[in-house]
Every structure is written in C-alpha cells, then in structure tokens.
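Below: one structure, written as structure tokens.
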Amino acid sequence: MKKLMMSLIAGSAVLTLFAQVRHSEPQIPVRPTLEEEGSFSMILIPDPQSQIKFAANQPLFELMTAWVAQNIDRLRIRAALFTGDMVEQNDQLTGGDPVHFHNGDQTSRQQWSAVSRALERLDGRIPYIVCQGNHDVGYVAAENRLSMMPQYIYPERNTEIVAHLAAAGLNHENVHTLENAAYEFHDAAWGDLLVIAFEFAPRDEALDWARGLIESEKYRNHRVIVLTHSFLDTDGSRKKGEGYKLTPRNWPQAVWEKLVYPSKNICLVLCGHTGTPPKIDMESGADGVAGIDYRTTSAYRVDRAADGRRIPQMMFNSQAGDGGWFGNGGDCWLRILEFRPDGRTIGVRTFSPLFALSHITARNAWRTADYDRFDIRIDDLKK
C-alpha cells in the first residue's frame with residue numbers, strides 16, 4: 001500500500017510538472033487574431049517563385065493559401081494579394097539545371113499548374129489579386145510580354161473575383177485579362193476601396209487605363225491601392241531602370257511620375273520583386289527572429305503626392321527569407337494587413353504559418369522588429 005501511494009504521488013508530481021511546462025509553451029498551432037474589434041484584413045503573400053520552381057517546395061505555397069483559407073473568418077480576410085513572380089520561368093519546356101537545380105526542377109507548365117492548385121484553396125472563398133512579375137512573362141524573365149498567366153488565373157474560376165472585379169484592362173494583345181485589373185471593396189469605416197493590379201513594368205496604355213478609371217466619376221472618391229511587382233528597391237529607392245529586354249515599358253520611377261504622384265486618390269503602393277537573404281547575427285537578437293536581421297527582405301517609404309497627401313509605399317519579398325535563393329522559398333513569411341476601424345490605419349504584422357505549425361518553432365512564428373511590425377497611416381482624400 002505504501003509503495004502504491006508513493007507511486008501515485010510521484011505520478012501526480014510528473015503530471016503537474018508536465019502541465020506547467022505545457023502551459024508556459026506557445027499554443028500550437030499559433031492562431032493570429034485581429035488586434036481590434038471591427039477590423040478586417042488583407043493578406044500580402046510575397047513572390048512564390050522559389051517555392052514553385054521545386055517540386056518539393058510546392059506544398060509550402062499551398063500551405064500558405066490553405067492557411068489563408070483557414071483564417072478567413074478569424075481575420076475577416078477580404079482578399080489575398082500576391083506580389084507577382086508566381087513562377088520561376090513562364091515558358092520553359094525543360095526543368096531548369098538538371099545538376100544543381102539552380103532554376104528548379106519543374107517545367108513552366110508544371111509550375112503554373114502548381115500555382116493553380118494552391119489558388120484552388122481560395123476559389124469561391126475570397127478574391128485573390130495577382131500582379132504580374134518579370135518571371136511571369138517571356139521565356140525565363142521578361143524577354144517579351146507573352147504569358148501563361150491568363151490561362152491559369154481568370155475570373156470564371158473564382159466567383160469571388162467575379163463579385164469584386166470592377167474593370168479589366170487590355171493586355172499587350174488587346175485582350176481583356178487580369179494582367180491589368182481593378183477590384184472593388186466596401187467597408188463602413190474605410191468607405192470605397194479599389195485595388196489595381198498591374199502587368200510587369202506597365203505600358204503607357206495600362207497606366208492610361210488606370211488613370212481613366214480612378215479619375216472617372218464612379219471611382220474618383222475611392223481610396224486606391226496599387227499592387228505592382230517592381231517599385232521599391234531594398235534600400236527604399238524607386239527603380240529608374242532594370243536590365244530586362246521588355247519593351248515598351250515603364251520602370252517604377254516613371255510609374256510614380258505618370259500615375260501615382262499626380263493622382264487624387266491613390267493612397268498606398270504595394271510591391272515585391274527585390275529583397276535579398278537576411279543577415280544572421282547570433283550575438284544580437286534585437287532584430288528579426290533569433291538574431292536574424294530581415295531588413296533586406298522589405299522596404300518602406302512615404303512621399304507626398306502633388307496634392308500634398310502622404311503616399312506610403314511598401315516592398316515585401318521574403319522568398320530568400322530562409323537564407324538563400326535555393327532553399328525552401330522563404331520560410332512561408334507573409335504579411336497580415338489589418339485595416340483598423342478608424343478608417344485610416346493599417347497595421348502590418350509579419351507571420352509564418354510554417355513556423356506556427358511546429359511545437360519547436362512556434363515561438364518564432366512572428367517577426368517583431370520595427371521594420372516588420374508597424375502602422376501605415378492613410379491620409380484622407382482632399383475634396
């Protein structure tokens with residue numbers, strides 16, 4: 001009897017200790033919530049090309065879209081925003097370098113098919129808004145404007161795209177596609193919103209289409225968000241040129257001068273494209289996660305439009321956020337954009353659904369440095 005009592009006491013102590021350890025550890029999985037009641041969110045997903053180019057990495061992109069689908073109600077997600085470079089090569093019949101796999105092991109059609117499978121998670125749930133990257137046109141990277149994108153991303157596959165699509169512009173072949181498209185949203189606090197996604201390095205015709213749209217009587221009082229692939233470099237500068245053969249085109253500084261700066265209602269520009277592997281400093285954990293400085297995966301600046309309004313511009317591209325270009329495609333980092341109920345503040349948080357799923361890595365599911373967690377202030381439109 002005495003031995004039995006001692007065993008029960010010892011077992012109880014072990015269970016108590018186990019409960020204390022479990023209680024002190026992060027919840028698994030980590031499930032983000034909105035920080036303010038009455039907010040809604042949009043999810044910004046950076047260039048997935050390094051996930052899509054490898055067969056072994058493709059499920060990680062599907063993990064990201066599955067996570068978005070899982071959290072539509074919890075985060076009141078209104079749309080998923082993709083910064084472009086959905087594939088590594090738009091039109092290649094071979095699977096890249098067969099020895100080192102630097103350019104992946106998938107043909108272009110395999111890559112686009114993987115993108116399509118991942119987007120199926122969102123079909124009929126929320127609209128996904130995709131701007132076109134330099135790897136989404138040409139053969140490998142923007143040698144011309146030919147693209148498979150319209151074959152895989154089109155309105156009829158997703159009823160939520162149809163419901164929010166305000167207008168579609170003409171592509172280089174004078175065909176209406178989602179390569180240049182505008183999506184409309186309404187919110188009690190934010191009023192009318194219009195998100196415009198562009199082809200890579202948009203032609204004058206695309207900028208003229210967008211200008212006519214946002215200046216029209218129907219949309220001139222909408223707050224406009226521009227989603228374009230290339231705009232800010234990692235140092236926050238706007239690119240004045242890039243080494244691609246594509247022509248005709250407008251590089252980022254020209255897009256600013258021709259469309260954004262003179263506008264009366266563009267209030268935010270989002271992009272991807274640039275970004276380099278983070279710096280690792282294990283002696284200092286002040287930035288990023290566990291001594292990793294992720295500053296090189298994002299950029300942010302604010303300039304004034306012609307009418308004096310502040311125009312925030314944000315680049316986020318974490319495809320090398322795992323430390324290089326041939327790894328897992330960036331540890332699944334994404335950004336939660338929380339549109340707060342004051343109608344003028346967007347909270348930015350940087351999160352990894354991949355890390356959030358693991359008991360070991362859940363504590364690193366958030367990046368908390370000031371460049372990864374901050375507020376964007378949106379100015380009112382001038383009457």
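Some notes on this structure:
- The radius of gyration of the Cα set in the range 321-378, together with its Dmax, comes out at 13.5, 42 angstrom.
- Orientation-averaged projection of the chain equals 23.1 nm² [convex hull of Cα atoms, one quarter of hull surface area].
- Gain on full extension, evaluated as 0.36 nm per residue between residue 208 and residue 307 minus their Cα-Cα distance, stands at 33.7 nm.
- Cβ-based charge dipole, the range 231-342, positive-most Cα from 326, 244, 272: 244
- Quarter of the Cα convex hull surface for the range 217-363, i.e. its orientation-mean projected area (nm²): 11.9
- Probe 1.4 Å, protein heavy atoms only - accessible area per residue of the range 40-87 in square angstrom: 22
- Once both labels are positioned 7 Å from their Cα atoms along Cα-to-Cβ, the gap between residue 162 and residue 105 label points is 4.0 nm.
- In order along the range 337-353, the phi-based Karplus estimate (6.51 cos²θ - 1.76 cosθ + 1.60, θ = phi - 60°) of 3J(HN,Hα) comes to 9, 9, 7, 6, x, 6, x, 8, 10, 10, x, 10, 10, 10, 9, 10, x Hz; Gly and Pro are listed as x.
- For the chain, adding -39500 (n - 2.57) for each run of n ≥ 4 DSSP H residues and dividing by the number of residues yields -6000 deg cm²/dmol at 222 nm.
- The range 168-246 - accessible surface per residue (Å², probe 1.4 Å): 41
- Between the range 337-383 and the range 117-154, the alpha-carbon centres lie 25 Å apart.
- Applying 1/(1 + (r/R0)^6) with R0 = 51 Å to the Cβ-Cβ distance of residue 360 and residue 242 gives a FRET efficiency near 0.80.
- Long hydrophobic helices in the chain, taken as whole DSSP H segments with a C-alpha length of 24 Å or more on their own axis and mean Kyte-Doolittle hydropathy at least -0.5: 2-24.
- Karplus 3J(HN,Hα) series, Hz, for the range 236-253 with 6.51 cos²θ - 1.76 cosθ + 1.60 (x for Gly, Pro): x, 7, 8, 5, 9, x, 9, x, 9, 6, 3, 7, x, 6, 10, 7, x, 4
- Given charges at Cβ of Lys, Arg, Asp, Glu: the chain dipole, positive-most of 114, 90, 45: 45
- For residue 218, a cut-off of 19 angstrom between C-alpha atoms picks up these lysines, skipping any fewer than 8 places away in its own chain: 264, 382, 383.
- Approximate spin-label separation residue 33-residue 375, in nm, with each point projected 7 Å along Cα-to-Cβ: 2.0
- Normalised by 2.2 N^0.38 Å, with N the number of residues, the alpha-carbon radius of gyration of the range 153-236 equals 1.13.
The values are calculated or read from the model by the stated rules, or taken from the named source; none is laboratory data. All of these numbers come straight from a predicted model, not from anything done at the bench. A quick note on method: Cβ atoms are made from the backbone with ideal geometry, for glycine too, and the neighbour counts reach across all protein chains shown. Protein only, heavy atoms only, side chains kept; ligands, DNA and RNA dropped before computing areas. Shrake-Rupley method; radii C 1.70, N 1.55, O 1.52, S 1.80 Å.
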